[in-house]
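Worksheet: the structure to be examined is printed underneath.
The values are calculated or read from the model by the stated rules, or taken from the named source; none is laboratory data. Since the structure is predicted, the reported quantities are computational estimates derived from the model, not experimental observations. Here the Cβ is made from the backbone with ideal geometry for all residues, glycine too, and neighbour counts use every protein chain on show. Remember, those area values only see protein heavy atoms, side chains included, never the ligands or the DNA or RNA. Shrake-Rupley method; radii C 1.70, N 1.55, O 1.52, S 1.80 Å.
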Amino acid sequence: MKKVNIPRVVIAATQSSSGKTTVVTGILRALKNKGMKVQPFKVGPDYIDPSYHGMASGRAGHNLDTWLVDESRINDLFAEEAGGADIAVIEGVMGLYDGGKNGISSTAQLAKKLQAPVILVINVQSMGDSAAAIALGFKLYDEDVNLAGVILNRLGSPTHKALIEEAMAKINVPVFGAIYRDDSVHMPERHLGLTPAQENNAKEVIEIISAKIAKEVYLDKIIELAHTAPLLYVQEDKRVKAAEDVVIAVAQDKAFSFYYPASLKQLSACGAKIEFFSPLEDEAVPSNACALIFGGGFPEVFADTLAANKSMLNSIRRANENKMPIYAECGGYMYLMQGIFDFDGNFHAMAGIIPATAKMNKKLQTVGYVQAKNLQDNILGEKDETYHGHEFHFSTQSEQAQDFPWAFEFTKMRNNARYKAGYAKDNILGSYLHLHFLGAPEAADSLVKKAREYHKNKLKG
């Protein structure tokens, strides 16, 4: 074990839609504009918030999730990615005490694990002294959580601010920011939540938000608080990184952007050289690829363009015919199907290497943590091996024939419901499951080994 000194602070909230992502994004940029090296983190499995974090801070945002990655590795992941930073800012998920079943991967759990002070964002619109009652309740609910203060969001006037600050003083809860309501300052949204930063005028939005945050959030007090976090114990990194001797091509563009950087880094540690390509814009998969990964994203939004790129679709079909390992998650899974019915019911033909179709629905179909068990051997592992993952999708898969080669049995962690999911046959594995390879290192190693086998067979001709 070794001790590391990483100034850090958690920005949590009373509930979703309190404005914490906007606040955190503004803080990150404002601190960067002060000349600081700022490392952002996000509690939970969300992919989109870290895209804003990364753009605001200039450093890739990372997820901290104790379901996807074993709790014993969280501090090590945190320390590795925060290396060289002046401060780490961790955005919570939902409300401070909300998470999976039994509070797994809640912001409170991660804050205690990281021994980080917590600032609670409270939406105080149409509220007076009750804001102090809320803060006191959150502080007392679990006194092992170091709730160090609050940020008041959506204030209506200086009088409103003075009223709530006086109430907070009565219960000895410091105020770290007082943000006035401005409905013109908000993050763009879509059906899965925020629109990914890559798709919009995020840089302009971030600068507007950070200018407001720099005026109304007490940055120097936050920096001072972050420095009160104690030394953190982490494991000595004894992993031996394999030589990168095989290329895994990863689809990454506006349609496919849901990847955990540390997950891809785990593939690299197993010996894969990661090379990105765009199903939207490129004519073919990389010629040196020995395996393909299609992550989640929004293929339904870009379905016309994806369907029109016939050369890319044909390239993927040829890769499949050559038995190249192909792994797909959620949006990538939909892309490999015969096609997608969009929100208006229009059909868009896709790669067609998985005998199913996807249909978009107006309502969210499922969200939450799952355990996945292999129903047969596949490119990630042997039959009966299990993985921790999560689902979040609006689409549904078409009804399948009795002999459909289901990949997994999913068990929902909220209610223990079990059901078959995904597709596994020969070189293909696809499903609605989102995995983090740092939390499934054997699966990462298996995929890289399958890529090596493909490479050797290719050399034999």
Sequence order, region 153-169: Karplus ³J(HN,Hα) from phi using 6.51 cos²θ - 1.76 cosθ + 1.60, θ = phi - 60°, Hz rounded, Gly and Pro as x, gives 10, 6, 5, x, 6, x, 5, 4, 4, 4, 4, 6, 4, 5, 5, 5, 5
Mind putting a number on the dipole of region 346-415 about its Cα centre? Charges go on the C-beta only, +1 for Lys and Arg and -1 for Asp and Glu, and I need it in Debye to the nearest 20. 520
Volume per residue, Å³, of the convex hull around the alpha-carbon atoms of region 33-93? 72
Among I122, T14, M55, whose Cα lies farthest out toward the positive end of the dipole of the chain, if unit charges sit on the beta carbon of Lys, Arg (+1) and Asp, Glu (-1)? M55
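Quick one: plug the Kirkwood hydrodynamic radius of region 257-369 (C-alpha pairs) into Stokes-Einstein at 25 °C, 0.890 mPa s, and report D in µm²/s. Please list the in-between numbers first.
On the way: Rh = 14.9 Å.
Answer from the Stokes-Einstein relation: 165 µm²/s.
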Name the long-range amide H neighbours of V38: under 5 Å, sequence gap of 5 or more, or other chain; modelled H, no Pro or chain starts. D86
How far is it, in nm, from the label point at T396 to the one at Y218 when both lie 7 Å from their Cα along the line to the Cβ? 5.2
Whole-angstrom Cα spans of region 328-382 along principal axes, big to small: 39, 27, 14
Quick one: with all protein chains in place, what share of the accessible area of region 334-461 is carbon or sulfur, to the nearest percent (1.4 Å probe)? 47
What dipole magnitude, in Debye to the nearest 20, does region 305-461 give about its Cα centre under +1 on Lys/Arg Cβ and -1 on Asp/Glu Cβ? 300
Which whole-number percentage describes the relative contact order of region 87-144, with Cα contacts under 8 Å and a sequence gap of 6 or more? 19
Rounded to the nearest 10 degrees, what's the angle between the helix 441-460 long axis and the longest principal axis of the chain, both from Cα atoms, 0 to 90? 30
Just the Kirkwood number for region 1-154, please: inverse of mean 1/r across all distinct Cα pairs, in Å, one decimal. 15.5
Calculated log₁₀ intensity ratio I(q)/I(0) where the Debye formula runs over C-alpha points of region 371-461, q = 0.12, 0.17 Å⁻¹: -0.41, -0.77
Using all alpha carbons of the chain, what is the percent of pairwise distances in each 20 Å bin, ordered from the shortest bin to the longest? 24, 54, 21, 1
In region 323-461, taking the dipole from +1 charges on Lys and Arg beta carbons and -1 charges on Asp and Glu beta carbons about the Cα centre, the listed residue (Y432, Y454, Q371) farthest towards the positive end is Y454
At q = 0.20, 0.32 Å⁻¹, the log10 of I(q)/I(0) for region 377-429 from a Debye sum over equal Cα scatterers comes to -0.87, -1.39
Could you order peptides 339-345, 119-125, 262-268 by the average number of other Cβ atoms within 10 Å of their residues, highest first? 119-125, 262-268, 339-345
Rounded to the nearest 500, the 222 nm mean residue ellipticity computed for the chain from DSSP H runs (n ≥ 4, each -39500 (n - 2.57)) alone is -9500 deg cm²/dmol
Assigning unit charges at the beta carbon (Lys, Arg +1; Asp, Glu -1) and nothing else, what dipole magnitude in debye, to the nearest 20, does the chain show about its Cα centre? 420
Determine the distance separating the Cα centre of region 5-82 from the Cα centre of region 276-317; give it in Å without decimals. 30
What order, most packed first, do the peptides 288-297, 405-414 have when packing is the mean number of other Cβ atoms within 10 Å of each residue? 288-297, 405-414
Need the C-alpha centroid separation for region 118-162 versus region 349-387, integer Å. 41
Working from Cα positions, state the angle (0 to 90°, nearest 10) between the long axis of helix 20-33 and the longest principal axis of the chain. 80
Can you tell me what the convex hull of the Cα atoms of region 113-188 projects to on average, as an area in nm²? 5.9
Specify the inter-centroid distance of region 403-423 and region 223-262, based on alpha-carbon positions, in whole Å. 29
Output the 0 to 90 degree angle, nearest 10, between the alpha-carbon long axis of helix 202-216 and the longest principal axis computed from the alpha carbons of the chain. 20
Over region 1-107, what is the mean sequence separation of C-alpha contacts under 8 Å (at least six apart), divided by residue count, expressed as relative contact order in percent? 38
On each of the three principal axes of the Cα atoms of region 303-461, give max minus min coordinate, whole Å, ordered largest first. 49, 39, 31
7 Å from Cα along Cα→Cβ at both R181 and K323: what's the point-to-point distance in nm? 6.5
Does anything in region 138-168 have its amide N under 14 Å from the 7 Å Cα→Cβ label point of S126, and if so which residues? 156
Charges on Cβ only, +1 for Lys and Arg, -1 for Asp and Glu, centred on the Cα centroid of region 380-440; of T386, Y423, M413, which one is farthest towards the dipole's positive end? M413
